[in-house]
Amino acid sequence: MDSAALAHTEHTRVKDYPGWLAQLLKRRRSRRFFSEHPVDRDALERALQAAMRAPSGANTQPWEFVLIERGPIRDKVRELCERADEEFHRRAPEWLRQFFAGHEITPVKQFMARAPWLVAVFGRRDLPFWLQSVWLAIANFNIALEAEGLHSLTYTPTLDKNFNRLLGVDESWSCQAVLPVGHGEADEVLTHRPRKGPAEKAHIVTGDGRLLPFDARLPFEP
């Protein structure tokens, strides 16, 4: 392909990109019920590659992704996570317990047994800008999974060093999320959860220092 044709192809890709990305983000949903259908290994690796492309402060790349297969280890992982969640729910203030009840959030994590993979994402606390950078990588990973036709759930248990010891990873790493990866159950009921657009959630500070609502001009489907 000559340089002119290549430039045209790249321009077409960029031109089509915003609409494709908008539809991808719109359809993405967290899933709590997974089938045991296997995950394509290459699809999972491509999602990991996308995570590694995330921006990070000073290019520190302070993330570590640990993939956990199904097997006896899963029972121990689930036990640690559910025990941590039980304690978290017990200590939660009343308003938060009511929120959990209204959203059917319980310490029981059924997905840990069924999802083909669990991906524990750790942050390297010995590196600068680690926390923000790790979450940028998690966002890339979740979006890439959706692009591959896979599903996940951003689960954030409060785990101590016993979890690190169980997985054999460095005890200085901080677990930020445990993500089930697989195919969501076809019969899972997904209720509509509308999103607020830039008109409600974005703001502008004018040159003279006034805070104003963002003047949204494009349609936004909630």
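Table for the structure above
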{"read-out": "For V121, V169, V189, order by how many other beta-carbon atoms lie within 10 Å, fewest first", "value": "V189, V169, V121"}
{"read-out": "Region 81-186: GluC sites (Glu not before Pro) falling in loop per DSSP and having at most 14 other Cβ within 10 Å", "value": "E104, E171"}
{"read-out": "Compactness of the chain as Cα Rg over 2.2 N^0.38 Å, two decimals", "value": "1.18"}
{"read-out": "S35 paired with L127, simple spin-label distance in nm, labels 7 Å along Cα-to-beta-carbon", "value": "3.6 nm"}
{"read-out": "Fully extended contour minus Cα-Cα distance, from T154 to K26, at 0.36 nm per residue", "value": "44.4 nm"}
{"read-out": "Loop-located trypsin sites (Lys or Arg not before Pro) in region 94-178 whose Cβ has at most 16 other Cβ within 10 Å (DSSP)", "value": "R125"}
{"read-out": "Volume per residue of the C-alpha convex hull in region 10-107, rounded to whole Å³", "value": "210 Å³"}
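Since every read-out is calculated from the coordinates, none of them should be taken as a lab result. Because the structure is predicted, anything quoted here is derived from the model rather than measured. Cβ sites come from the backbone with ideal geometry, for glycine too, and all protein chains shown count toward neighbours.
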